[in-house]
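Structure record follows, encoded as structure tokens.
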Amino acid sequence: MLSLLTFRLHGTIPAATGRELKASLRAAQEAGADHRRAQKQFFAKFDAVLDRAPIGPRHFENEKIAEVLAGEILMLEETGFRVHGFAILPNHAHLVLELPDDSPLSFAKAIDLLHLRTGTSCRRLVRPKLPSEAEFWQVGWHEYEVQDADEFTSLLAYVRGNARAAGLPARFQEWPYVNE
């Protein structure tokens, strides 16, 4: 199974906006819209909000924190996943990840591992800015399953070009946390 996974820092989407996004997805599905098309539209809106970064932390602007996440993403290959590409942006990350059919693991396990291991390490790096009781990661993630080779190519191009499309400075477009 091959998917695009997006996960974000806690507090990066206003609660009202999150409810609106979910309501629009439910409405599209209830109106009989094609499931994949509705998911794509939801993701486009969801990612646009993250790219605008209206609220919340931007911890991955700190390269030491981004390095922790990049290293843990690459370590997923040690557990049987195949990392095809990823991009780390100021407040979220995209990951194109493949799970072999015979794997006993799941994408949920991969994200749980990332959240657990990076959350602990990154909290130490942002301790002065983050109260001890505050969450680092937003619970959950967005998953979009890749259907075919054309979609795979398109999603990898999206991940690689996301920083530029979001209008981030050149250092985000060229920095080492866009993996090919």
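The values are calculated or read from the model by the stated rules, or taken from the named source; none is laboratory data. Fair warning: this is a prediction, and the values are worked out from it, not measured in the lab. Methodologically, a virtual Cβ is constructed for each residue, glycine included, from the backbone with ideal geometry; neighbour enumeration extends over all protein chains shown. Side chains are part of the model used for accessible areas, which takes the heavy atoms of the whole protein and leaves out ligands, DNA and RNA. Shrake-Rupley method; radii C 1.70, N 1.55, O 1.52, S 1.80 Å.
Structure notes:
- Matching residues, region 1-29, being within 19 Å of the chain's Cα centre (by Cα), of a type in the set (Gly, Ala, Ser) and either within 12 Å of Glu143 (Cα to Cα) or part of a helix (DSSP H, G or I) (or both): Ser3, Ala15, Gly18
- The residues on offer are Gly32, Gly56, Gly71, and the sole one that is in a loop (DSSP other than H, G, I, E, B) and modelled with pLDDT of 85 or more is Gly56.
- Within region 52-83, the residues that satisfy the criterion of being β-branched (Val, Ile, Thr), surrounded by 15 or more Cβ atoms within 10 Å (Cβ to Cβ) and under 16 Å from His115 (Cα atoms) are Ile65, Val68, Ile73.
- Selection status of Ile111, at pLDDT below 85 and surrounded by 17 or more Cβ atoms within 10 Å (Cβ to Cβ): yes
- All positions within region 4-21 that are over 20 Å from Ala108 (Cα atoms) and either open to solvent by 40 Å² or more (accessible area, probe 1.4 Å) or touching a Ser or Thr at 6+ places or on another chain (Cβ under 8 Å) (or both): Ala15, Ala16, Arg19, Glu20
- Within region 87-108, the residues that satisfy the criterion of being open to solvent by less than 70 Å² (accessible area, probe 1.4 Å) and either free of Cβ contacts under 8 Å to residues at least 60 places away in the same chain or not hydrophobic (A, V, I, L, M, F, W, C) (or both) are Pro90, Asn91, His92, His94, Glu98, Pro100, Ser103, Leu105, Ser106, Ala108.
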